[in-house]
1. Please verify whether A:ALA145 is of a type in the set (Gly, Ala, Ser), farther than 28 Å from A:GLN83 by Cα and within 13 Å of chain B (Cβ to nearest Cβ), treating the condition exactly as stated.
2. Among residues belonging to segment A:82-106 that are part of a loop (DSSP other than H, G, I, E, B) and more than 9 Å from chain B (Cβ to nearest Cβ), point out the one that is farthest from A:ALA253 (Cα to Cα).
3. Among the residues of segment B:238-270 satisfying the criterion of being under 23 Å from B:LEU210 (Cα atoms) and crowded, with 20+ Cβ neighbours inside 10 Å, which is nearest to the chain's Cα centre (by Cα)?
4. One residue is enough: does segment A:276-286 have a residue meeting the conditions part of a strand (DSSP E or B), within 23 Å of A:ALA145 (Cβ to Cβ) and either out of contact with any strand residue (DSSP E or B) (no Cβ under 6 Å at 6 or more places or on another chain) or among the charged types (D, E, K, R) (or both)?
5. Only residues that are more than 18 Å from B:ASP49 (Cβ to Cβ), within 12 Å of chain A (Cβ to nearest Cβ) and in contact (Cβ under 8 Å) with a residue 60 or more places away in the chain: list them for segment B:72-94, please.
6. Which residues, counting only those in segment B:297-349, are closer than 21 Å to B:ARG372 by Cβ, in contact with a helix residue (DSSP H, G or I) (Cβ under 8 Å, 6 or more places away or on another chain) and of a type in the set (Val, Ile, Thr)?
7. Pairs under 7 Å by beta carbon, first residue farther than 14 Å from A:ALA154 by Cα in segment A:88-100, partner of a type in the set (Ser, Thr, Tyr), six or more apart or different chains?
8. Taking the condition closer than 28 Å to A:PRO281 by Cβ, in contact with a Ser or Thr (Cβ under 9 Å, 6 or more places away or on another chain) and either of a type in the set (D, E, K, R) or outside the structural domain of A:GLY363 (by TED's automatic domain parsing) (or both), does A:ARG219 pass?
Amino acid sequence: MPIPGVTARPLARTYDAVVIGAGIQGLATAYELAKRGVRRVAVLDSSWPGGGASGRNGELIRSAFSSAEWITLFDASLKRWHQLSRELDFNVLFNPSGYLVLASTEEQYARCRADVEVQARFGLRTELLDQQAVLDRVPALNPDAVVGAVLQPAAGFAHHDAAVWGYARAAARLGVEVHAGIEVLGVTVRGGRVAGVTTSTHDVSAPVVVNAAGAAAGRLAGTAGVELPLDMARLEMLVTESVAPFLRPAVAALAALGYCHQTSRGEFVGGTELAVPDHTPSLNGTYRLLRDMAQKFVWLFPQLSAARVLRHWAGLITQTADLSPIVGTAPGVDGFYLSCGWVYGFVGAPAAAAHLADTVCDGRLHPTIAPFDALRFAEGRPIREGSLVVPAQSEGPGPREVAS
Amino acid sequence: MRWRRRSFRAMPTHPDLGADERPAVRFRFEGREVVAREGQSVGAALLADGVDILTRSFKFHRPRGYTCGAGACGNCLLTVDGLPSVPSCVTPVAPGLEVRRERGWPSVDVDVLAGADLVSRWFPAGFQFRYFRQHPRAGHAFERVLGLLAGGGKHLPPAASAPVLPIARRTCSVVVVGAGPSGLAAALAASDAGADVVLVEEQERLGGRLRAETATVSALGLTAPGPRLAEVLTERVARDPGITLLRGSALGWYEDGVLPVAGRDALHELVPHVVVEATGSYEAPVLFAGNDRPGVLLAGAISRLFHVERVRPGRRYVVVACDDRGIEHAIELHHLGVEVVAVVDQRGADEAGTERLRALAGRGIEHLAGARPVRSHGRRRVRGLTVRTGDGRRLRLRCDTVSVAGPLRPSEGLSLQRRYQGENRLSAETPGQDLSARAPVLLRVGGSAGRTRVQDAVDDGFDAGRTAATAVGNVAPFRPA
């Protein structure tokens, strides 16, 4: 059966641009390149469109972060999310039902208050809510888990598969070839310029190569002599059976290292992380995380103890030391572009892809993505973003620990 | 109408089991009292009471009723004591239970939302990605309406009444998942060979398919009808000091060696050396239009209703067969004193044994060879079945129950999950397996290994139990990371 958006043509020997990885970054970048008039674009993927983290993430979308770099990039993305169904002519089920970053301690709440002030300076509409205001909006929350929250009303969530399918179809309409089941083995470089890629079928030459290979991005960059400081991590999610609506906004809970939402159909979808990241390169779901998710989500929403889990899965991401993505040109190799190291990649894709395509076509790094360059680690200027829901922030009360 | 169905469906006497002397149990269903018998399931008690529609389908609100009798199909999910989505066909009745149906507006019986089925052609699979793509705001409004319909009636109980289970961890040498014919046998044999056994079972009564098996089965030097043998094996298990019976559902066997069991009073984390998968088989449904209509039941569910629940689901039956199991099932129905109109046999005329065909003919049951079910009829439950006969005619059979005896599919979820985790060796064939490597071992037996005869499943279980006990000494215990 043909996969929608995947080409039936054989892989040619030359293209104007090759994108490695048919996740949302790769497909969106290919779509934006084609939109800017790049004629022959191929997207190569070892599995199928959205088979990696793009089809396994938590679907949450916000731009209410705490650093200039993140707010600028992700707010540009949020604006695109609001128009994405229209743009792609495919309903990606973007649901602007609000996004709560939940503080469960006074310390987290103080940080939320500081974040709201920063966000106001960048023109973001966010509100600081106290405990009562949060419980008024989400009565299902456990009051013990709530001190306050940041609410971004214009944010929310979308359907991650739909976003991938939408970009794949829109790209295909513009002539982009998406090739599934073709593994890129390496990136070839001649005289400081990218020459193409070697694949499981045959070599392909292209003057432009975009590395959007998700978990494989670090290895592939290495084949071109570009060393990226990337770490692999396994994240896990679960989804419950469909129940009557009890949760409108998307919620990220700092104390639980968790994020979740309820879809329009009624399924509760969410994931949590452990204080120590899991570097196992495996797509197997673990019982350890299944139990962690169940305990933390029942702590946040006590009613959930009556809901059944439908599915539980794992996905792999690569992350950098400052947890910010690497987007832009590859140092030392002309024509080689990077979009990898994403932790909030689903949110960031629409804007990052557009501005990376601008960069490819204009030959000049677009200012929105400029801070996310690959050299910032070596040159000692990491991005300081403090409002991410990641293990480094584990502290204070959480769901009670159970001895095992 | 309901009282007429009710008066017929109750089975005060059974040709083999005699008079039903189980005490009455009263529970509440949507504001009225229903009288059931002790040991019955909620779903069967409601069927006996004349309730045909138990729920509505997710998208088009088509009526759905008692179908698989095994808690596997989702057509009987009810809210029981405030807990949503409880599979009522495997939930025992208890005095004072509060039971209500989910979905449907204003009620499941009279559901105006069933109109969705009439316009289903405008809502094909994936419609949500095509509609409103140019009008996101209208799309959000529509989604919120759909959301109310989708979760429909499945309200989570208030936080205070939701239980949080404690966690209990224990190591043991052998875990047997499933206490049907092969699981009971495996647990007894493994314990006999010296293993420390945990036997995991979801359902109230042990024995699985043995409970509805009319033929005699031999085990432990005893030959008896299935239900009698189930009693004997259950009693042996209860007396065996080497076997711990754990009520609950095995969730999987994970990479750090934990096999969690969601029990009634705790979440048990077992860390076994050897696992015996004795989870039996599923009955696969057969595809035809309206195969989801109340009154279309799987053959195993009908056997279970007659022999275990003591409920007659209908008066006039059409049996859809794909092998000899269907023919034997038709003969069994005839023996139980109900009318069998025809056997719609998907095989050609020469594929069914002549002896069995003679048995059908002797009972006045028509055998339609090479025939296929086309469509069921009836608004709220089955009133007839249109079939295409082997010579191409369309025939409409009048009936109130369609019994679907489709192929049996191994229930192999546990071993597939484990294989996907990629760290054990698997075999459906337990004898002769090389157990010298010190790796975790999972043995698949009985129905989950493709055995369709109950006697084979029992024999298989005894073999596997002995093999498991032998393997324990060779397998290194997991060391959690």
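1. Spelling it out, A:ALA145 is indeed of a type in the set (Gly, Ala, Ser), farther than 28 Å from A:GLN83 by Cα and within 13 Å of chain B (Cβ to nearest Cβ).
2. Filtering segment A:82-106 down to residues part of a loop (DSSP other than H, G, I, E, B) leaves A:89-94, A:96-98, A:104-105.
Adding the requirement that they be more than 9 Å from chain B (Cβ to nearest Cβ) leaves A:98, A:104-105.
Numbers: A:GLY98: 14, A:SER104: 8, A:THR105: 11 Å.
So, considering only residues that are part of a loop (DSSP other than H, G, I, E, B) and more than 9 Å from chain B (Cβ to nearest Cβ), the one farthest from A:ALA253 (Cα to Cα) is A:GLY98.
3. Among those residues, the one meeting the criterion is B:ALA250.
4. No; the residues of segment A:276-286 include none that is part of a strand (DSSP E or B), within 23 Å of A:ALA145 (Cβ to Cβ) and either out of contact with any strand residue (DSSP E or B) (no Cβ under 6 Å at 6 or more places or on another chain) or among the charged types (D, E, K, R) (or both).
5. B:GLY82, B:LEU83, B:PRO84, B:SER85
6. B:ILE302, B:VAL319, B:VAL320, B:ILE327, B:VAL340, B:VAL343 - these are the residues of segment B:297-349 that are closer than 21 Å to B:ARG372 by Cβ, in contact with a helix residue (DSSP H, G or I) (Cβ under 8 Å, 6 or more places away or on another chain) and of a type in the set (Val, Ile, Thr).
7. Pairs that qualify, where the first residue is farther than 14 Å from A:ALA154 by Cα and the partner is of a type in the set (Ser, Thr, Tyr), are A:LEU88/A:TYR167; A:ASN91/A:SER85; A:ASN91/B:TYR131; A:VAL92/A:SER85.
8. On the way: closer than 28 Å to A:PRO281 by Cβ: yes; in contact with a Ser or Thr (Cβ under 9 Å, 6 or more places away or on another chain): no; either of a type in the set (D, E, K, R) or outside the structural domain of A:GLY363 (by TED's automatic domain parsing) (or both): yes.
It is false that A:ARG219 is closer than 28 Å to A:PRO281 by Cβ, in contact with a Ser or Thr (Cβ under 9 Å, 6 or more places away or on another chain) and either of a type in the set (D, E, K, R) or outside the structural domain of A:GLY363 (by TED's automatic domain parsing) (or both).
The values are calculated or read from the model by the stated rules, or taken from the named source; none is laboratory data. Treat the numbers as computed from the prediction; the structure is a model and nothing was measured. Positions of Cβ are backbone-derived with ideal geometry, glycine not excepted, and every protein chain shown enters the neighbour counts.
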